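Only one structure is covered here, and it is reproduced in the block below.
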Amino acid sequence: MTDIDQNVKRSFLFLLGSGREGGNTETLARRAAAQLPTGVRQTWLRLSDHPLPPFEDLRHSADRTFAPPTGNEKLLLDATLDATDLVIASPVYWYSLSASAKLYLDHWVNWLSIPELRFRDGMKGSTLWAVAASSSADRTVAEPLLGSLRASAAYMGMRWGGELLGSGTAPGAVLEDAEAVAGAKTLF
């Protein structure tokens, strides 16, 4: 199988967790995605456009009743299982993931608890990536965010693809971060 054949079979899901459309994290993610070979499918979903209900942990409830996902939850579940590569594009908010990105990951708990979804089996072998921007040039402020995603990948039997971090506050400012712009060319 050639590299081209492998790339045609890849499918990237970009989940945008920013509270702002067209922000620095999204700009960086789109720069990185532009480097993907032609034929690699890309799906872009803005989590704020597909809000999830508040997470309710039902694992220890009296009847352990898990309703099959519907609406936005089903859309996100299906898109997640359909991807070979999952890119969480979340700004660093208070040293961690945005609320919408964290809520998406919280819903994995219940998806894992619905046997017929076979969620863990569906995620095994796929690759998890992170793209994040923060207002700090100190890249260590993203470690809690990256730690959450790396641990999630390990727990699910996913590969960790890597991360792309940038610095910028006002929209577009991340393009002044030469290290981030260079990293976007080689992330995938």
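The values are calculated or read from the model by the stated rules, or taken from the named source; none is laboratory data. From a predicted model like this one, the values you see are computed outputs, not experimental measurements. Cβ: placed from backbone, ideal geometry, glycine included. Neighbour counts: every protein chain shown. The protein model used for the area step is the full one, side chains on, heavy atoms only, and it has no ligands, DNA or RNA in it. Shrake-Rupley method; radii C 1.70, N 1.55, O 1.52, S 1.80 Å.
Sticking with the crude label model, points 7 Å out along Cα→Cβ, report the distance from Thr84 to Arg120 in nm, one decimal please. The answer from the label model is 2.5 nm. Glu56 versus Ser11, label points 7 Å from Cα toward the beta carbon: distance in nm? Here the modelled spin labels are 3.1 nm apart. Taking amide H positions as modeled 1.01 Å from N, with prolines and chain starts lacking one, the residues under 5 Å from Gly162 and 5 or more places away or on another chain are Ala130. The share of accessible area on the chain that comes from carbon and sulfur is 54 percent, using a 1.4 angstrom probe. What the chain shows is 50 Å² of accessible area per residue, with the surface traced by a 1.4 Å probe over protein heavy atoms.
Reducing the range 26-66 and the range 130-188 to their Cα centroids gives an inter-centroid distance of 17 Å. The Ala151 and Thr38 beta-carbon pair, evaluated with R₀ = 45 Å, returns a calculated FRET efficiency of approximately 0.85.
Only aspartates and glutamates eight or more places from Lys9 in sequence, or on another chain, were considered; those with a Cα closer than 13 Å are Asp82, Asp85.
Charge dipole (Cα centre; +1 on Lys/Arg Cβ, -1 on Asp/Glu Cβ; no other charges) of the chain amounts to roughly 280 debye. Highest mobility in the GNM of the chain, judged by mean-square fluctuation with C-alpha springs under 10 Å and restricted to Leu58, Leu164, Leu117, is found for Leu58. Couplings 3J(HN,Hα) for the range 178-188, derived from phi with the Karplus relation 6.51 cos²θ - 1.76 cosθ + 1.60 (θ = phi - 60°), are 4, 5, 5, 4, 5, x, 5, 6, 10, 4, 8 Hz, where x marks Gly and Pro. Would you work out if the range 61-139 is rounded, prolate or oblate? Take a ≥ b ≥ c from the square roots of the eigenvalues of the alpha-carbon gyration tensor; rounded if a/c is under 1.5, else prolate when a/b is larger than b/c, oblate otherwise. Judged from the Cα gyration tensor, the range 61-139 comes out prolate (a/c at least 1.5, a/b above b/c). With θ taken as phi - 60° and the Karplus curve 6.51 cos²θ - 1.76 cosθ + 1.60 applied, the whole-hertz 3J(HN,Hα) list for the range 92-108 is 7, 10, 6, 6, 9, 5, 5, 4, 5, 5, 5, 4, 4, 5, 4, 5, 4 Hz, x standing for glycine and proline. Taking 0.36 nm per residue of sequence separation and subtracting the Cα-Cα distance, how much length would be gained by fully extending the chain between Ser48 and Ala137, in nm to one decimal? Between Ser48 and Ala137, full extension yields 29.4 nm more.
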